[in-house]
Structure formats: structure tokens, C-alpha cells
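Participant: Take this structure, written in C-alpha cells, and hold onto it; I'll ask about it next.
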Amino acid sequence: MKRTLLGVVAESLAHNSIRNATVVDVVHGRAMQHYGEALRQYLSIRLGNVEGGGHALAQVRALAAARGAGEMAQHPGVRARLYRIARDVAKEHLATGGPTGDRTMLPWRLPAAGTAAPAPDALARLRTGLGEDDAELLELRYARELGEEEIAYVVDRPVAAVHDELVAAEQKARGIVGGADGDALARAALVAFALERTAPPAPVPEEEGEGESAMLAAGAVIGGRYEVQKCVGSGSFADVYRARDTSVPGHVVAIKLLHQPALTEGAREQALRELHLIASVFHPSIVQFKDHGWHDSRLWFVMPWYEGESLENRIQREAISRAEARRIFEPLARALATMHASGLRHQDVKPDNVFLARIRRFDEEGADELLPVLLDLGVAAKDAEMVVAGTPTYFAPEVAAQFSARPTGKEITNKADVFALALSLKHALVPSSEEVVEGGAVETFIERRAAEVPTPPPGDEFAYLRGAFERWLHLDPEKRPTAGELANELRMLTAPEERRARRIATLKWLVPATVGALLTFGFAVFALQQQAELERANARAAKIETAEVRADLSQATERGKELETDVANIRRRYESSKMSNDQLTTKLAETEGSLNATEGELAKARKRTRDLDQSLTVEQQKSASLTADLSSTKSHLDETRKQLDTTQLALSAEQAESARVRRELTQAKEEARIALERVSEINRELTQARADLSIARDEKRDLDRTLKQLESKRDELQPKLDAAEKRIALLERRLATTASEPKTIPVVPAQPTNPTSP
């Protein structure tokens, strides 16, 4: 026979020499946790009433606790024995004429969208058209996952007979759903006998809780100082109470009281286990203890009382935002990292074990601060232990594999907590993505979880997180990050908003800077243009001066030529006129002096021409450089203008988005104002109701006092009334006797009148 979930747990505990009392706690407590929903649905179908199924489940729990772990763990196992008790409770309820309902009106669970399932009329015929016995056999086999030997024990018939009846019932079912194969038939039967998940049953009254420790009544005092106000929660192993610390006025605490008494020293040491685990680590997001002691041999310990709600309750109202998710899950991941560094695993991380405490702030803002706190360390385990606990829907694959038909043998490490925390994050972001154990079929769910992992959260908003979730929820624990690494990686939850904030911040300084840059570029361009114009004017002046110098040079050259012509003429005249040597010398000297002067001027003109050519070349180079700079500046200015246009468009979009957000914020503030006014009105009504209640209580006390006085007076008058009744009876007898005698009129003698007599 296949090992059951709780069977594996008990074997693991026994293998590691854990004391028998712990096996009792785990087998009893975890059995009701893992199989409770399936048992409730089984009972609701038997009774045709969901509320009746919840109350019947409370009876099953009490009866199972009364029988003890020794009997419950016997063959064929705790699950079969729980269903046998449930069947007997349902039969007794029906036999005594208890309230029942119409089975067809039960809240049957609809098949999940996109899954292959029989038509609704076929499902209805499976529930009501097979006969009571056949339907029960199919339900126990496929929806409640019992084996044939377990079913035989539940229905109290031989295994062979159950086998034959089950085969016949399966044949009838195939005729209804259209000749389905084995897997399809199993799926059809599971869907046919699955109800919507119902609320937990009410607490078991004391007279029905035989074998269970009764809950404490309001006003009970624990440890000589903690006055119980009310029970705020009940789990598999303990109850949690809100209590007033009488030693500290106005101080409220939470007290956890274990169900099972510890009657020996060894049992007391084991009962202190959770307390030791809590005390071994410290982190603001890990619940701390303040005091402890014993009450009727049961361990109690005191924890801070937090105002707030669980994450489970929070996400049942609506999904949380990515920013809120980071504020919640980043501290939780660091809290797990602290536990892991101390050699501890939590093993039951889920939204229901995360409390969102509101911490009052007394600064100028005055708003409450959110503090996520990790609760329920009762299933935490040291690395050396193999205690397997937790909630199946948040099992990591390696944890689920230990309970499956094909264990992988992978060691359970701290990465299992990382998986559960990441899965809790996914469900907080998208509550509709939380997986449902249809019909309470835990074993089938665990088989699937051992081989498959949940998908990342759907939706375009979370598309960029798909790779991260695939790593955080990886089938191989080695591929997952540590808790500390996960805490760092959770920053990506708000990455889009941070990028957007950076863009807005950049735009806030970029636009003024761009405008300033444009103005600077404008002034620079203007200056460069003015300088270029000046350089061009200088170049034009240099060209004009060069032309003038060249003209002078040309004139000087012509003058030189003329002088040379004059010299030649003079020489010719000399030869022709036979001028004297002195005249010739004088004339020649004058001519040579003029020629030398002309050549000097010509040299100066040539030198000036060279200098002007060099200046012109330099000016032309400067002009070309300025022209290139001007072209580059214009190109850069065009690019800057384009960037400014793009920036202005982005700024316009951001301003529009900001305006939308402001409108939504204004609307939210208005809704909050209306809600606060409503709360104020309710508070006023509550105050008036309390005043009326106080007046009514005063009137009741007055009436009670008056009633007591009347009762006291009645007690005083009662003897006199009894004596009067006796005298009346005596007089009536005498009167009757007198009536039967002859009537005579007695003669009364006259009495003397004495005015002085009294």
C-alpha cells in the first residue's frame, strides 16, 4: 500500500528517535491540517449541509484526540481511521434525525477554466445517479485518495468485496462520462465530488471536546498576571489569546497555550522547543517572546500583541502593489536569512503565517508604520532534524518529493523556505493564481508539486519578473538564491518606478540645463559669427592693401624700367654728344641714386607683399577654421534642438501622467475622507450605543436590586401568608360547620357607655 503523508511524517520522527508525544502531536495536529478540508467535504456530502459538515468535523477531531495516537497510528493508518470516525459520526447524525440538506444544493466546485472535464449534467449524474454506495466508493477512491484496503476499513467490508464493488462502480461511471480511460475517470470523479472551500468550523464547545484541552474563558488568569480577554485563534497545536497584563496598566499581550499537557520532565523539555527556537534568533520581523510558564501542565508563553492583520486576510481583499510587496517581503527574506544563519529552517512560510503589524509612529508625520512579522515557528527545525511539516500548497518540490510515490532523494535545505516565500510573493501579487487542492486531494497535489513548479505571475506588468520568478521557484534547489540574495534581488520589484523617478528627476534639471545650453550656444554662435565677420573684413582689407602694394610695386617696376631706359638714353646721348666725363659722372650718379632709391622701395614693397601674403594665408586659415567651427556648432545646435523637442515630449507625457496620478490621489483622498467621516459617524454611534448600554446596565442593576428586595420581602411575608392561608382554611372549615348547625341570634347584653374608657 502506498505510504500516506502522515505515515511518512511519523516514520521520519520515529527514525530520528523523536519522543512518542511528538509523534502524537504531529500525527494528530498535522492530520487534521492536511486532511481537514477533505474530511469536511466528505461529511458535508454525507449530510447534504456545509455547516453541519463543519460541526461534524469538530466532533471527529475530538473523537480522534480521545482515542490517542497509539490507536490512530495502527494499520491501516491514521487517514483511514479518521474517515472511519467521520463516517460513523455522519451515520449517527442521520440516525438521530439531525438537520440535513439537499445534496444537489451543495456548493459544488466548478472545473478550472481550460481543463478537460465532463459536462455539468454528467457530473450531476455521477453525484446522484450511481446510488449512495457506489458514489461513496468513487469519492473515497478518487476525491479522497484512499486505497482499497483503506476504503475497506472505512466502509467495514472485506477488501475483495470492495474491489469488486469499486470495479462495478467505475464501469457505471464510464457509462455516464462516455467511456473515459483511467486518468480521465479519476479526473471526472475528483471534480464531481469537490466542493468549494468552506470556512473552518466553529470552536469545539467544552462538552464536545473530550480529549482536548478546553479553551480558556474570558477572565481566566495565567501566570498570576495575564487576564485572558478572548481567544483569537486556534491551530493544530495551540490556542492564541489576547490578554491584559495586570502588572502593567494598559498593556496588552498575546499568549500562546499548547493543547497537549507535558506530564513528565522530558515532555516539558520538548514542549519548550518552540520557545528555544524563538529565543535563538533575533530580528524585528521574527516574533519574540516575553514570558513563559505552565498552566495545567501545558506550556504558555507571551508574545507582543500586534494590531493589524495577516497577509492572507490582506490579499483576500485585493492584490498588493509591487512597492508594497517589496516593503513586506524584503524584511521577511532578511528574517529568514537570520534564521538560516542560526541553523534553523522555518518550514511553514505562507501568507497566513505573516502578520502585518501596524506600529504607531510618534514623529511629525504620525502615520502608522508597517512591520511584517514571521509567525508560527513551532514547525521550525534544526538542520540535523528530519521533522517534516508545513502546508502542502507551499511545499518546495524537494519537500513534496518525500511524500510522493517517487522520492528524488534530494536533501531539504534552507532553499525550501526561499521557495515558499517566493510563492507567497506570487500569490500576494496575483491572489487568483493561488493553487487549490481540489476536493482536499492532498496526495494528488503533492505528486504534481514534486515534479512541477508554479508558473511566474501572469500579466504584462510582471513580464520583466518572469526570469526572476523562474529562478526563485526553480525545481532544482541549487538554482535558487539564498534568503539573503533573495532580499537583495527583491529590489527589482520597484525597478520600473525607480527608473521612472530617475527620468523625471533628470528631466527636472535637464530642461533648464538644455535651455541654458541653448542660450550659451546662441551667444557663442553670435560671437563666432561676429568674429568671423571681423576676420573676413580684415581679410578684405588685407587683400585691398596687397592690391595697392602690388600696384605700387608695378609702378616702381615701371619707374625702374623708365630709369633704365633713361640710363640707356643717357649713354647713347653721351656717345652721341660726347658729354664730358664730369657731366656724365654726375648725371649717372643722379640716375643711379634714383635707381637705388627705387630698388630700395621695390625691396620694401616686395617684403611688405610677402608679409601681407603670409597674413592673408593666416587669416584665410582662421576664416576656414571659424567656418568649420561655425558649421559644427550649427550641427550640434540642431542636435540639441532635436533632443530638446524629444525631452519636451517626454516631459509632456510625464506631466500628463503626473496629473492623472494627482487626480487619482485626490479621488483617493476624497474617498478616504468620506471613509473617515463614516468611521467617525460609526464611532459616535458606537459611543452612543455604549452609553445606552451603560444606562441599560445601570437600569438592570437597579432592577436586580429591586428584585432582590422584593424577593427578600416575599421571603419575609411568605410565613405570614402561609399562616393566613392556614387560618383562612380553618375559618372556612368552621364556617362550613357553622352553616350546617341551626342558626340562632345570640343576645348581646348592652354595655354601659363610659366616655373615659379607652
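Participant: Starting from the Cα of residue 305, step 7 Å along the direction of its Cβ; do the same at residue 705; then give the gap between the two resulting points in nm.
Facilitator: 3.2
Participant: For the pairs 290/669; 91/350; 561/607; 561/622; 172/410, note any where the Cα-Cα span goes beyond 31 Å. Present the calculation step by step, with values, prior to reporting the outcome.
Facilitator: On the way: 290/669 39 Å; 91/350 36 Å; 561/607 20 Å; 561/622 39 Å; 172/410 42 Å.
With Cα atoms farther than 31 Å apart: 290/669; 91/350; 561/622; 172/410.
Participant: May I pose another question? Quick one: what does P(r) look like for the stretch 643-721 with 10 Å bins over all Cα pairs, in whole %?
Facilitator: 15, 16, 14, 12, 11, 9, 8, 6, 5, 3, 1, 0
Participant: Between residue 569 and residue 455, how many nm apart are label points set 7 Å from Cα along the C-beta direction?
Facilitator: 11.6
Participant: Something else about it: Would you kindly find the accessible area of residue 701, with a 1.4 Å probe and non-protein molecules such as ligands, DNA and RNA excluded, rounding to the nearest 10 Å²?
Facilitator: The value for residue 701 is about 120 Å².
Participant: Using the basic label-point model (7 angstrom from Cα toward the beta carbon), what is the residue 163 to residue 691 distance in nanometres?
Facilitator: 7.9
Participant: Would you mind working out the accessible area per residue for the stretch 254-320, using a 1.4 Å probe, and quoting it in Å²?
Facilitator: Numbers: 3130 Å² over 67 residues.
With the other protein chains kept in place, the stretch 254-320 gives 47 Å² per residue.
Participant: When all alpha-carbon pairs of the stretch 455-502 are counted, what percent fall beyond 14 Å? Please list the in-between numbers first.
Facilitator: Working: 636 of 1128 pairs.
Roughly 56 percent, once rounded to a whole number.
Participant: Please work out the average accessible area per residue across the stretch 76-162, using the 1.4 Å probe convention, and give it in Å².
Facilitator: On the way: 3980 Å² over 87 residues.
In whole numbers, the stretch 76-162 has 46 Å² accessible per residue.
Participant: Can you tell me the accessible area per residue over the stretch 418-481, all protein chains present, probe 1.4 angstrom, in square angstrom? Provide the component values of the computation, followed by the final result.
Facilitator: On the way: 2430 Å² over 64 residues.
Averaged over the residues of the stretch 418-481, the accessible area is 38 Å².
The values are calculated or read from the model by the stated rules, or taken from the named source; none is laboratory data. Nothing here was measured: the structure is a model prediction, and the numbers come from that model. Cβ atoms come from the backbone with ideal geometry, glycine included; neighbour counts cover every protein chain shown. Keep in mind that these areas ignore ligands, DNA and RNA; they rest on the heavy atoms of the full protein, side chains included. Shrake-Rupley method; radii C 1.70, N 1.55, O 1.52, S 1.80 Å.
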